[in-house]
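A short write-up of the structure that comes next.
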Amino acid sequence: MSNTISVTLTVNGKRQTITAASDTPLLWVLREELKLTGTKFGCGVGQCGACTVHLNGEPTQSCLHALKDVNGKTVTTIEGLSPDSSHPLQKAWLVEQVPQCGYCQSGQIMRAAGLLKQNPRPTREQIVEYMSPNICRCGTYVRIASAIERAARETGAQS
């Protein structure tokens, strides 16, 4: 008996049918099957946040979700946040010069987008607490928080 299954999910607004082993992590489906390599592999055990995507609108670590558990769900990756990097967080990331090595940044931005969706005007303390599951080995936490504050201000000014 094979553990291969077919599931249908919506990724970045496009319905996709994937056939693979039922326990294949969503992370590998995104990277290997769909070639959406903006979502990074960090630790593979949900400890670093580099693989953060939105699953049904909520930030989550894609390495923790098996293919069998995402049937019918909606996934947004960094590529789907803004195809042309025009999202306020992506712009703020550049202005605040957040990236050093850049490896964790897609996960950081996806988590930050979840924060601003639930709380459009977070305090610095709320930002630090919400972003704490995502690790940045380069230590750009102050710039990450500044970029989130900038995006919140600019988004609020546009509303």
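The values are calculated or read from the model by the stated rules, or taken from the named source; none is laboratory data. Note that the coordinates shown come from a computational prediction; the quantities given were computed from them, not determined experimentally. Every residue, glycine among them, receives a Cβ derived from its backbone with ideal geometry; neighbour counts consider all protein chains shown.
Some observations on this one:
- Hits in region 52-86 - residues which are in a loop (DSSP other than H, G, I, E, B) and either without any contact (Cβ under 8 Å) to a residue 12 or more places away in the chain or outside the structural domain of residue 19 (by TED's automatic domain parsing) (or both): 82, 83, 84, 85, 86
- Hey, residue 113 more than 15 Å from residue 52 (Cα to Cα) and at pLDDT 95 or above or not: no
- Residue in region 15-40 that is farthest from the chain's Cα centre (by Cα), counting only those that are part of a loop (DSSP other than H, G, I, E, B) and surrounded by fewer than 16 Cβ atoms within 10 Å (Cβ to Cβ): 22
- Taken over region 41-62, the residue count meeting the criterion of being within 17 Å of residue 103 (Cβ to Cβ), of a type outside the set (Gly, Ala, Ser) and surrounded by fewer than 16 Cβ atoms within 10 Å (Cβ to Cβ) is 3.
- When residues of region 90-129 are limited to those that are among the charged types (D, E, K, R) and loosely packed, with under 12 Cβ neighbours inside 10 Å, the one farthest from residue 144 (Cα to Cα): 121
- Residues satisfying the stated conditions in region 128-159, i.e. touching a residue at least 24 places away in the same chain (Cβ under 8 Å) and of a type in the set (Lys, Arg): 137, 143, 150
- Boolean, residue 47 is under 12 Å from the mean Cα position of the chain (by Cα) and in contact (Cβ under 8 Å) with a residue 40 or more places away in the chain: no
- Under the condition of being more than 12 Å from residue 111 (Cβ to Cβ) and crowded, with 16+ Cβ neighbours inside 10 Å, the residues counted in region 130-144 number 3.
- So residue 49, is it more than 17 Å from residue 34 (Cβ to Cβ), in contact with a strand residue (DSSP E or B) (Cβ under 8 Å, 6 or more places away or on another chain) and in the same structural domain as residue 32 (by TED's automatic domain parsing): yes
- From the list 39, 74, the one residue that fits, being closer than 19 Å to residue 104 by Cβ, at pLDDT 95 or above and of a type in the set (S, T, N, Q), is 39.
- Those helices (runs of 4 or more DSSP H) lying entirely in region 88-159 with at least 3 residues in contact with a strand residue (DSSP E or B) (Cβ under 9 Å, 6 or more places away or on another chain): 105-118
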